[in-house]
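The values are calculated or read from the model by the stated rules, or taken from the named source; none is laboratory data. What you see is a predicted model, and the numbers here were worked out from it, not measured in a lab. Counting neighbours? That spans all protein chains shown, and the Cβs are built from the backbone with ideal geometry, glycine included. SASA here: full protein model, heavy atoms, side chains in, ligands and nucleic acids out. Shrake-Rupley method; radii C 1.70, N 1.55, O 1.52, S 1.80 Å.
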Amino acid sequence: MDYATLIQILDSTLRLATPLLLACLAGLYSERAGIFDIGLEGKMLMAAMASGAVAAVTGSAWAGLGAGILASLLLGAVHGLASITFRGNQLISGVALNFVASGVTVLVAQSLFGQGGRTPPLSGDARFNPITLPFAEAVKDVPLIGPFYFEVLSGHSILVYAALALVPLTWWVLFRTRFGLRLRAVGENPAAVDTAGVSVKGLRWAAVAITGVLCGIAGAYMATALQAGFGKEMTAGRGYIALAALIFAKWRPVAALWACLLFGFFQALATRTDVVEGLVGMKVPVPFLDALPYILTVVVLAGFIGKAIPPRAGGEPYVKER
Amino acid sequence: MDKLPRWADVALVPFVSLLLAAIVAAIVLLVIGQSPTEAFKVMVEGALLSSYGWGYTLYYTTSFIFTGLAVTVAFHASMFNIGGEGQAQLGGLGVALVCLALPWPHWSVALLAAALGGAAFGAAWAAIPAYLQAKRGSHIVITTIMFNYIAASLLVYMLVDVLRPAGQMDPATARFPEGTNLPTLNHIPGLNLLFPKDVPANVTLFVALAAAWAVWMLLWRTRLGYEIRAFGKSEPAARYAGINPTKIIMVSMLISGGLAGMMAINNVMGESERLVQNAAEGAGFIGIAVALMGRNHPVGVLLAALLFGFLYQGGAELGLWTSIPIEMRIVVQGLVILFTGALDMMVRMILTRVFALFRGRPAAQGAV
Amino acid sequence: MAQGVEMTGRPATAAPFAIELKGISKAFGPVQANKDINIAVPKGTIHGIIGENGAGKSTLMSILYGFYRADAGEIFIGGRLTPIPDSQSAIRAGIGMVFQHFKLVQNFTVLENVVLGAEEGALLNTSLAKARAELQRLSRDYELDVNPDALIEDLSVGHQQRVEILKALYRQADILILDEPTGVLTPDEADHLFRILKGLRDQGKTVILITHKLREIMEATDNVSVMRRGTMVGTVKTAETSPEALAELMVGRKVLLEVEKKPATPGAVVLDVQNLRVVDEHKVERLKGVSLQIRAGEILGIAGVAGNGQSELLAALGGITKATGAVTLKGEALPLTGKGANGRARREAGIGHIPEDRQALGLIMDFAAWENMAFGYHHRPQYGAGAVLMDNAAVRAETDKQMAAYDVRPPIASLAAKSFSGGNQQKIVVAREIESGPDLLLIGQPTRGVDIGAIEFIHKQIVALRDAGKAILLVSVELDEIMSLSDRILVMFDGQVMGERDPEITNERELGLLMAGMTG
Amino acid sequence: EPAIIFDLGGKFDKSFNEAAFNGASKWASETGGTFKELEMQSEAQREQALRRLAESGANPVVMTGFAFGDVLNQVAPDFPDTKFAIIDMVVDQPNVKSVVFNEHEGSYLVGMMAGLASKTGTVGFIGGMDIPLIRKFGCGYAQGVKAVNPDATIVLNMTGTTPAAWNDPVKGAELTKGQKAQGADVIYAAAGGTGVGVLQAAADEGILSIGVDSNQNYMHPGKVLTSMLKRVDNAVYEAFKEGTDLKPGINVMGLANDGVGYALDENNAPLVTDEMKATVDAAAEKIKSGEIAVHDYMADNTCPAATF
Ligand SMILES: Nc1ncnc2c1ncn2[C@@H]1O[C@H](COP(=O)(O)OP(=O)(O)OP(=O)(O)O)[C@@H](O)[C@H]1O
Ligand SMILES: Nc1ncnc2c1ncn2[C@@H]1O[C@H](COP(=O)(O)OP(=O)(O)OP(=O)(O)O)[C@@H](O)[C@H]1O
Ligand SMILES: [Mg+2]
Ligand SMILES: [Mg+2]
């Protein structure tokens, strides 16, 4: 593999890792607070549809982003209602919402636009267009660094940079702020938070809301940046890959970045089977590349690469009175 | 909070959940500018008012009985098997390999062998997550989700690179030989009066009914079933009683995976007579809804499977005769899971309030 | 009535009271945990609360701390009516609580746990720095030293308790509630704790101490309140009462734990345990080489403070946990690890087991009584047809018989176990394990939470089993029970047997010393 | 009443299925008739869909896509009075009309245009599902490119191996960016709905693309060099018009009978020079006359101009 190819694959990696990263960080807030969320996929999908539709109608990507966040928050609210207020089974709620989203997105898009569950193609300001970073042109020709900066780092939409910025921000929020301390505590031992005089429900609702916002951004990125419009099932399991990345990263923000980049890299490689063939020296079936993130996650879950211990109170509704 | 009477718990809670799901579904339809009553009419007509419709409704029902039972057995051991879809896919592979392996002399022999093949493959696919749960504590929900995806990839590989006959373009196996073709309901003497034309529902329906009976026997009439249920209620107590947790996790998941895999004799062997991609069509996930709806009891599963068979066939008719997209049925499926599974407590709270109201009134009158 | 004690619900001490509760009631579904409770605690005192299991002590304190909300009643703090709808309000009112089950975040540091909920501002580092300094001061003032940077999960229980106390003090609590603080402590740690509490009192703070141990009440408190079945029976000055009087108040009548039994006629050795060791999942050795023997027709009692290896002994012998060492039953070696070491194999070998915790181990709470009657014995030939099928009718028939024999109320075999009261649940377990006809019966806390009538009945059954020539291993934290039932007593401390005593000769003092790890 | 079943890409894929839809619509608006339609949702439903339409009395039943071949072979004998038409596949039944296209000929023409328009000498091809049919497109294209620029490099990619490859615009876009990184400045997408992503990414990246099946020039005016027209619309239109008199047998549609071609309209007029047009039209004539024989990949599963 030559350097130019590598650069191209890394460029593609960053683009493909972004929705994973946003969804993964979304899941991180929720699960750190003790609310399991396998509904990341559904929230993303819902957001993708809403943002695609609103961007198509208004011509503004930002309006689309807002709509995406709202749509995702709506699903998050149902999940919160089921898992926080009514202390239902969080896993079942997530599964259910994924189905609802999968169907409703098509229904709504079809009734709005009549294009087989698609939104019309977006162009111009209805999309988040690539941004050239400062000095990108200038350093373009510097050996090694130049192409890396120009091709890989520069030239993505603002949401890609937002996602990257969210990684240190999340780390800082989680480990350096009062909110983060409480959030982590409520996922480990809600009774400790409760007896310390802090509202368990409040914290969990806050976490679910943040998850909604981030999934909303992830979905909007899919429809208004990565692609130009919404299409049926366009998230294609990314919510689950993000979940896998979250486990892979053992619920830590910086590790989440690396996990998502790794899984994004696999996705990028799957478009360059020629390169994989060159690297491995034999034909690798594409399905194997597709399955790799899942296989790796199972390996991690099995504890062969260090144990992935989820937040201790995860998945359990907080019940004071038996 | 007062307790609900038993009949309310068994019958009323699922019914009200279903009603709520139906109401929300109707609202969705209204929002997208469709008529819920019209939609319901089309569904009933297409699924229940012709032998053709019944043929498909029962065909889907058969599949959902298997996956619903699969989820049920695992649930009783307190394992949430979301992997029914993958296990059903693998079951399809097993069935296909069996059907293509030999020139089977008679369908009954082939059915037996294919059922074993499907069950074995489904069980094998459940075995790894089960083992990881039992021995390494890996959360079964996450691993089975991962295994669904891995199954999909594996099937693509098998269908594209291994089993696809030369010269064929679509990723599918060859047609199964004649000897493996299962009698459909219209080929069964007696039933053919009800089903004059070719329908996809086939003898597998009876296998499914037998499976429901077997699951009931297993859970409530055998020592193993006793152990499964005890383990599902309390693992520490099960240990105290000398019930081996590893064994129960493995056995219940193997049975669960086996049942999901056996579904393939219905769709792969009974209907399409070859293995295509994504043959399970989400039946594995519907099993979750069916089990929840059916309160994890085989009789409930049968009824819920019939309901979902109707929803599925009716939903297909919607796609055919109305401008309501076929995805409507996924929405309904999601709503049913949501209300019966996750918002169960809400439904109970509503019902408890209603009951309290009814109880309160006569008492107040009596006081006068 | 206890000798000349004024039973007013108020101790004869001058006001002001740090706390006054009036008419507190609380129900959990059908269970009335607190009924119209009144209590007043003078400022600057250590106030004890005693009562049997389930009497409602923890519930009352949780209400005071805003963890639960009372259904009725008023709370006065320092003479002022103070509603406490949540823990935040309790903290603001100067109340701190150390729960029976600690409320600590296991993978947080001590410092983080202390700061949680009491942070200064939105950022952590200022809070943490301040807490570090404050912690240093507190540990200096009150002998409460813990490493502020240690993770909770790495600390001993005693140290974790200190963190809980530090948490309360850091929030400037003037009133400190401790719920059964010594249940998990070694005697040394307990002494240390009482020193701390006295120190706090001398600085003007008010302490409420819940305990089952009359000795601790007598030693550490100024006043004591007694609760029984959700009600407040009375409050007395500690100096003016005696353990006997308190015990009577607690139970509601004169306590006479004398069991009628003939002298034992021990036969051959049934159980022989040599050098039994158990290591728990945290790799801590819980049993450190226990050896003992039980003969046919005798009851061997194991005394000891909870948590000194008794549970592990029962679990290892019952096949629930793996162990090392050598155990023989009637001369046959029992496997301690691997496939043969499980509850079913033990039952088949002739070992019955009444577990310490009937709800978590002994019963499946959602199963009907009849299903529970076969629990652990569901493989018996008489309960089934062949190896596969179970004969539900046979199990039901057996259940009806046993429910009548053991006077289980109500005698409805199809009722779920969770619908029976605690005492009746215990009767189901006892009936099952005794009537299975074991050669050796392991018994843990047979009468915990059981009323006097049922206690008597259960004790009779145990003695009858002994008289039938069976071997019995009895574990109980109730010294009275041990003393009156056992033919021989072993005392366990820190995973080891401290010594053997003859119940006819020994006394509580001697046993108490052994239980505290002091030989000699 | 005739009926049409669209394959998994959906009738609004802006390409293959949409072309079929357009043909049906054209028939409807011309005759004032109505038709039933159905979109496939999954592989496993094909048989049910087919039977249901036949059952309901629809006649003829037209289906788009080779994937129906196997089930049609099963279903057609059960409905001897119903006429079926299948596109892109040959099904040998007495009541079935099979319509196949000489995609290699059309692809040859757009390949020539790509070769002429390319400044880098490298052009790309992105196929949908990797099957002989799509290789046939790629092979024809490669022959056309080489015909005008023997030294040209042709980068070939397939989106996937399953029908999902028809509807994966994200991957289409990534493949496009990958090909651009390899120097391609004209990319031909023969990938159904995936092509939407290819055309979009090419437009974003400032390179040219070539549409397929329908005229896709309008999607990014001035950025789509041309579209390889596969007149599925005509095939459907014809089938509907023939109605119950549908003539069974194999119908091959090539350049000669206007079954394939390339699109020229105001959207791509600035991109197509007179010289290009002249060259390509000349070649088209020679193909029609048999003077140029474009190799059909599916004839022997080999390609003289490219390796897959
Ligand atoms: N959260 C709860 N939900 C339901 N019932 C409860 C709850 N907590 C306590 N109870 C019930 O309330 C009663 C009083 O319990 P409580 O914990 O106050 O007793 P206690 O006096 O502290 O007993 P112990 O000495 O065993 O700690 C018991 O019957 C108990 O089962
Ligand atoms: N969750 C429940 N559901 C139904 N009935 C219950 C439940 N809990 C208790 N009961 C019934 O209420 C009655 C009182 O129960 P409770 O536990 O308060 O008894 P108790 O007075 O403590 O008796 P014991 O001394 O035997 O423990 C019992 O007869 C029991 O059958
Ligand atoms: Mg208590
Ligand atoms: Mg009780």
Quiz item: So, of the residues in region C:44-58 that are open to solvent by 20 Å² or more (accessible area, probe 1.4 Å) and polar (S, T, N, Q), which turns out to be nearest to ligand 4 (Cβ to nearest atom)?
Solution: C:Asn53
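Yes/no per residue for (1) away from chain B (no Cβ under 14 Å); (2) surrounded by fewer than 18 Cβ atoms within 10 Å (Cβ to Cβ); (3) over 30 Å from A:Val200 (Cβ atoms):
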{"position": "A:Val104", "(1), (2), (3)": "no, no, yes"}
{"position": "A:Val108", "(1), (2), (3)": "no, no, yes"}
{"position": "A:Gly117", "(1), (2), (3)": "no, no, yes"}
{"position": "A:Asp125", "(1), (2), (3)": "yes, yes, yes"}
{"position": "A:Phe128", "(1), (2), (3)": "yes, no, yes"}
{"position": "A:Leu133", "(1), (2), (3)": "yes, yes, yes"}
{"position": "A:Gly146", "(1), (2), (3)": "yes, yes, yes"}
{"position": "A:Val167", "(1), (2), (3)": "yes, no, no"}
{"position": "A:Gly180", "(1), (2), (3)": "yes, no, no"}
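Listed here are the residues, each with its yes/no results for (1) part of a loop (DSSP other than H, G, I, E, B); (2) closer than 20 Å to C:Ile165 by Cα; (3) more than 16 Å from ligand 1 (Cβ to nearest atom).
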site: C:Asn34; (1), (2), (3): no, no, no
site: C:Ile37; (1), (2), (3): no, no, no
site: C:Gly54; (1), (2), (3): yes, no, no
site: C:Ser62; (1), (2), (3): no, yes, no
site: C:Phe67; (1), (2), (3): yes, yes, no
site: C:Ile75; (1), (2), (3): no, no, yes
Practice problem: Could you please find all residues in region B:277-304 being away from chain D (no Cβ under 14 Å) and either surrounded by fewer than 24 Cβ atoms within 10 Å (Cβ to Cβ) or modelled with pLDDT of 95 or more (or both)? | Solution: B:Arg295, B:Asn296, B:His297, B:Pro298, B:Val299, B:Gly300, B:Val301, B:Leu302, B:Leu303
Quiz item: Taking region C:66-92 only, how many residues are within 13 Å of C:Asp174 (Cα to Cα) and either open to solvent by less than 30 Å² (accessible area, probe 1.4 Å) or within 16 Å of ligand 2 (Cβ to nearest atom) (or both)?
Solution: 3
Practice problem: Output the residues belonging to region C:406-431 that are in contact with an Asp or Glu (Cβ under 9 Å, 6 or more places away or on another chain), more than 16 Å from ligand 1 (Cβ to nearest atom) and among the basic types (Lys, Arg). | Solution: C:Lys427
Exercise. Would you check if A:Ala47 is in contact with a Leu (Cβ under 9 Å, 6 or more places away or on another chain) and open to solvent by less than 10 Å² (accessible area, probe 1.4 Å)?
Key: yes
Quiz item: Given the conditions (1) within 13 Å of the chain's Cα centre (by Cα); (2) farther than 30 Å from D:Lys11 by Cβ; (3) of a type in the set (S, T, N, Q), which single one is not true for D:Thr122?
Solution: (1)
Quiz item: With (1) within 12 Å of chain C (Cβ to nearest Cβ); (2) assigned to a helix (DSSP H, G or I); (3) farther than 25 Å from B:Ile128 by Cβ as the list, and B:Phe310 as the residue in question, which single condition is left unmet?
Solution: (1)
Quiz item: What do you reckon, is C:Arg448 modelled with pLDDT of 90 or more, under 21 Å from C:Gly352 (Cβ atoms) and crowded, with 17+ Cβ neighbours inside 10 Å?
Solution: no
Exercise. Quick one: which helices (runs of 4 or more DSSP H) lie wholly within region B:1-111 and hold at least 2 residues that are polar (S, T, N, Q) and surrounded by fewer than 17 Cβ atoms within 10 Å (Cβ to Cβ)?
Key: none
Quiz item: Hey, A:Ala259 hits all of (1) surrounded by fewer than 17 Cβ atoms within 10 Å (Cβ to Cβ); (2) more than 13 Å from chain B (Cβ to nearest Cβ) but one; which does it fall short on?
Solution: (1)
Exercise. Please identify the pairs in which a residue from region C:440-469 that is within 16 Å of ligand 3 (Cβ to nearest atom) has its Cβ atom under 6 Å from the Cβ atom of a residue that is among the aliphatic types (A, V, I, L, M), counting only partners at least 6 apart or on another chain.
Key: none
Quiz item: Does B:Val215 fit the bill of being part of a helix (DSSP H, G or I), more than 10 Å from every other protein chain (Cβ to nearest Cβ) and crowded, with 21+ Cβ neighbours inside 10 Å?
Solution: yes
Exercise. Would you mind stating whether C:Ala431 is open to solvent by less than 40 Å² (accessible area, probe 1.4 Å), more than 21 Å from the chain's Cα centre (by Cα), free of Cβ contacts under 8 Å to residues at least 60 places away in the same chain and within 16 Å of ligand 4 (Cβ to nearest atom)?
Key: no
Practice problem: State the number of residues belonging to region D:263-284 that are open to solvent by 40 Å² or more (accessible area, probe 1.4 Å) and not in a loop (DSSP other than H, G, I, E, B). | Solution: 10
Exercise. Looking only at region C:214-236, count how many residues are open to solvent by 10 Å² or more (accessible area, probe 1.4 Å), touching a helix residue (DSSP H, G or I) at 6+ places or on another chain (Cβ under 9 Å) and not in a strand (DSSP E or B).
Key: 6
Practice problem: Output the residues belonging to region C:418-458 that are near ligand 2 (Cβ under 10 Å from one of its atoms) and within 14 Å of chain B (Cβ to nearest Cβ). | Solution: C:Lys418, C:Ser419, C:Gln425
Exercise. State whether the residues of region C:484-502 include one that is more than 16 Å from ligand 2 (Cβ to nearest atom), more than 14 Å from chain B (Cβ to nearest Cβ), assigned to a helix (DSSP H, G or I) and in contact (Cβ under 8 Å) with a residue 40 or more places away in the chain.
Key: yes
Quiz item: Can you tell me which of C:Asn147, C:Asn107, C:Asn113 is in a loop (DSSP other than H, G, I, E, B), surrounded by 15 or more Cβ atoms within 10 Å (Cβ to Cβ) and polar (S, T, N, Q)?
Solution: C:Asn107
Practice problem: Name the residue, out of C:Arg358, C:Arg380, C:Arg409, C:Arg396, that is within 16 Å of ligand 2 (Cβ to nearest atom) and open to solvent by 50 Å² or more (accessible area, probe 1.4 Å). | Solution: C:Arg409
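Okay, residues lined up against (1) within 13 Å of chain B (Cβ to nearest Cβ); (2) of a type in the set (A, V, I, L, M); (3) part of a loop (DSSP other than H, G, I, E, B):
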| position | (1), (2), (3) |
| --- | --- |
| A:Thr5 | no, no, no |
| A:Leu65 | no, yes, no |
| A:Ala82 | yes, yes, no |
| A:Ser93 | yes, no, no |
Practice problem: Taking B:Ser138 as the residue in question, decide whether it is surrounded by fewer than 23 Cβ atoms within 10 Å (Cβ to Cβ) and among the hydroxyl-bearing types (Ser, Thr, Tyr). | Solution: no
Quiz item: When you go through (1) free of Cβ contacts under 8 Å to residues at least 40 places away in the same chain; (2) farther than 18 Å from B:Gly91 by Cβ; (3) open to solvent by 10 Å² or more (accessible area, probe 1.4 Å) one by one for B:Tyr226, which number turns out not to apply?
Solution: (3)
Practice problem: Would you be able to say whether some residue in region C:93-115 is among the charged types (D, E, K, R) and free of Cβ contacts under 8 Å to residues at least 24 places away in the same chain? | Solution: yes
Quiz prompt | Filter pass, C:Gly48 being within 23 Å of C:Arg201 (Cα to Cα), more than 14 Å from chain A (Cβ to nearest Cβ) and within 16 Å of ligand 3 (Cβ to nearest atom) | solution = yes
Exercise. For C:Pro381, state whether it is away from ligand 3 (no atom under 16 Å from the Cβ), farther than 22 Å from C:Ser476 by Cα and within 13 Å of chain B (Cβ to nearest Cβ).
Key: yes
